[in-house]
Each structure stands twice: as structure tokens, then as C-alpha cells.
1. Quick one: Ala139 ticks every box in (1) in a loop (DSSP other than H, G, I, E, B); (2) within 25 Å of Leu20 (Cα to Cα); (3) aliphatic (A, V, I, L, M); (4) free of Cβ contacts under 8 Å to residues at least 40 places away in the same chain except a single one, so which number is it?
2. Taking the stated definitions as given, is Asp58 over 12 Å from the mean Cα position of the chain (by Cα), surrounded by fewer than 22 Cβ atoms within 10 Å (Cβ to Cβ) and touching a residue at least 60 places away in the same chain (Cβ under 8 Å)?
3. Is there a residue in region 186-195 that is polar (S, T, N, Q), out of contact with any Cys (no Cβ under 7 Å at 6 or more places or on another chain) and at pLDDT below 95?
4. Identify all residues within region 30-55 that are modelled with pLDDT under 95 and open to solvent by 60 Å² or more (accessible area, probe 1.4 Å); write none if there are none.
5. Here is a list of conditions, (1) among the hydrophobic types (A, V, I, L, M, F, W, C); (2) open to solvent by 50 Å² or more (accessible area, probe 1.4 Å); (3) closer than 16 Å to Glu176 by Cβ; (4) at pLDDT 95 or above, and Phe27 meets all of them except one; can you say which number that is?
6. Looking only at region 109-127, how many residues end up being surrounded by fewer than 22 Cβ atoms within 10 Å (Cβ to Cβ) and within 23 Å of Ala45 (Cβ to Cβ)?
7. Applying the selection to region 72-108, what residues are in contact (Cβ under 8 Å) with a residue 60 or more places away in the chain, open to solvent by 40 Å² or more (accessible area, probe 1.4 Å) and either hydrophobic (A, V, I, L, M, F, W, C) or touching a Lys or Arg at 6+ places or on another chain (Cβ under 6 Å) (or both)?
8. Residues of region 156-187 being in contact with a Phe, Trp or Tyr (Cβ under 8 Å, 6 or more places away or on another chain) and either closer than 14 Å to Leu78 by Cα or part of a strand (DSSP E or B) (or both), which ones?
Amino acid sequence: MNPRYVDLHMHTDCSDGLYLPSEVLAFVRKADIVAFSITDHDTLAGYREARSLLQKDDPELIPGLELSAAHDGLDLHLLAYLFDPEDPYLNSALAEFQARRNQRAALIVEKLNDLGISIDLGQVIRKAGKAAVGRPHIAEVMFEQRQVPAYLTAFEKYIGNGKPAYVLKRNFTPREAIEAVHKAGGVVVLAHPQIDETFRYIEELAGMGLDGIEIHHSAHQQRHVEQFRHLAERFRLVCSGGSDFHGREGRHGAIGSQHVPEDCLLRLKQRAQTRKDRQ
């Protein structure tokens, strides 16, 4: 029997991806996967649009989100799956996040202007289009306006974590994010734990109810995969993974590139059902 794969991490232009949900769905149809999750940042718009376009033989679409949680001066990225997309509390929180993202973008642009980087907030808002404004939109404008020699330079020199124009998000705490997703019937996975070495917080997050770790990711070498698999076993967490597809310069892999076993999704579903049975 041929192995069956899933991809549980990808982005559309409803957050910081380059492609429309319909275009991402077209890529999904060409990839060797049986299920996928659109995990846009703090919005379900891409998921909903893709859901409306699904055809009978398409891979299974899993409700997904990527939430940012402020912890220890860092943005912890938490992937939420299998929740009720119509949950009123979760949707209210997402609407508030959208407003906060726009406020944060204005502060970042102001800092960049103070540093001699001449870009306009209106340009950034137009670049974001229907999405909530994020740092990738700011980076694109900086690159297009020749304020930086490459897209990634914007992050490396100016707007990345701890850089001169960085502004910390006002987010959920990890505990609040995990509880909100659990109340909506879902499960929570720590995204790309090698980035910013957020694996340091796995034990603490497990104590808050974390359900899994994204071990398969383009930022992870094989030694990282084994390290995180060991941590998942130690703290009884589910292993997960995905391409983190953005379609942007230097932003992770192609859809299906991580060969995430279908068993990861099955175990997440079991975890979600177990939580529901306890409620």
C-alpha cells in the first residue's frame, strides 16, 4: 500500500501568503496529499473560501489557524486544528486580532520612518489587500521601494524579532489561546519549534494543555525531527507537520514537500475526540 501524506500548514493571501485560496487549492490538487489545512494567521477567511470551492474528489480540508501568543518576549506560533469554525468566542477573538494587527503595522511603519526607511502606511495597506496587515506586506513594500536589497533583508535588519523596528504583538497568552481552541473543540500544535528555539517552552506548554508539536517543517533538519519526536513522546504529544507554504521568496517549501504521514492527522483527530468526550 502506498504511503498517504498530509500537509497541515499553508497560507493564502488572506494572511501573509502570495496566492488566492483558489490558487492554493489548485496546488493542493496537484500535490500527493490526502488532506490539508489552510492555517492563515488569525483569520478563517482563506479556509472558508477554499471550503466553498471544494469538489467531491478533493483532499480533505481540515479547519486550521495559526495563532500568535505572546510569551517571554517572543511570538509563539500555535497551530489550531479541528475546531468549530463558527464558534462565537473564537471568531470574536479573531476579529479583535485583525484590529490589533493594523495598529501594530502603523507602529512598525512609524519606527521605520524614524530609521530613515521612507514607506507609507497606505502603500502597505494596499499591498495587504483583503488580508490583515502583517510584516510580510511591510517587507514587500520595502523591497519594491528599494529600501532593502532583498525581501528577507527587511526581517534580518529591521522588522524581525528584536530588530530596531520590531513591535511586539498584543496577543493571547499561550494559555488563553489553548483554552479558546479547546473550548471550540479543537487541538493546538506548537508550530516550527526550531525557529526562535521555541522548543524550550514545550514542557511549559504541555502543562497548559498543548496537544502536539510540528516536527516536520522545512526549517527542520533531520536531527531536529528526531529531537522533537523524542520530546513529543516524553510529553505525550502528537507529532504533526506541513510545508508552511507562503509562495513568497525564501518562505519555506512547496505544498506536500514535507511528506507528513497521514497518521499524524489521525492522531490529532483522536486527541480532539478525546477532549470532546471529556467535556
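The values are calculated or read from the model by the stated rules, or taken from the named source; none is laboratory data. On a predicted model such as this, the values are computed, not experimentally measured, just so you know. Cβ coordinates were reconstructed from backbone atoms using ideal geometry, including for glycine residues, and neighbour counts include every protein chain displayed. Note: areas computed on protein heavy atoms with side chains; ligands, DNA, RNA excluded. Shrake-Rupley method; radii C 1.70, N 1.55, O 1.52, S 1.80 Å.
1. For Ala139, the exception is condition (1).
2. Against the criterion (over 12 Å from the mean Cα position of the chain (by Cα), surrounded by fewer than 22 Cβ atoms within 10 Å (Cβ to Cβ) and touching a residue at least 60 places away in the same chain (Cβ under 8 Å)), Asp58 does not qualify.
3. Yes, because at least one residue in region 186-195 is polar (S, T, N, Q), out of contact with any Cys (no Cβ under 7 Å at 6 or more places or on another chain) and at pLDDT below 95.
4. Scanning region 30-55 gives a single hit, Asp32.
5. (3)
6. Selection size over region 109-127: 6.
7. Across region 72-108, the qualifying residues are Arg100, Leu107.
8. Asn171, Pro174, Ala180, Val181, Gly186, Val187
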